[in-house]
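First the structure, in the form of structure tokens, and then the observations on it.
The values are calculated or read from the model by the stated rules, or taken from the named source; none is laboratory data. Note that the structure is a prediction, hence the values are computed from the model and not measured. Here the Cβ positions follow ideal geometry from the backbone for every residue, glycine too, while neighbour counts run over all protein chains shown.
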Amino acid sequence: MIREPVELQVDEFGRVELPLGVLAEAGISPNSSLLAFSDGDGRIVLRRMEDAVQDLLKSGSL
């Protein structure tokens, strides 16, 4: 199931609060470690740290 987009605001400190439903749908729980990077064209990608590490291990890049 794909949820409808949620409009968010960046506060004066550059922070964004993500709704718990969006996090849960992505399999991200509170206090998870995330890797964030720009995917260009106004997109920011968040990955669970353990998934990013596993991808690196599988690719032999470490």
Give the residues of the stretch 17-28 that are in contact with a Leu (Cβ under 9 Å, 6 or more places away or on another chain) and either farther than 22 Å from Glu4 by Cβ or loosely packed, with under 10 Cβ neighbours inside 10 Å (or both), sorted by residue number. Glu17
Could you please find all residues in the stretch 38-55 being surrounded by 11 or more Cβ atoms within 10 Å (Cβ to Cβ) and farther than 19 Å from Val6 by Cα? Arg48, Met49, Glu50, Asp51, Ala52, Val53, Gln54, Asp55
Scanning for something aromatic (Phe, Trp, Tyr) and not in a loop (DSSP other than H, G, I, E, B), does the stretch 31-53 turn up at least one residue? yes
Could you say which residue among Val22, Val16 is modelled with pLDDT of 90 or more, aliphatic (A, V, I, L, M) and in a loop (DSSP other than H, G, I, E, B)? Val16
So for the stretch 50-57 (the condition being at pLDDT below 90 and touching an Asp or Glu at 6+ places or on another chain (Cβ under 7 Å)), does at least one residue qualify? no
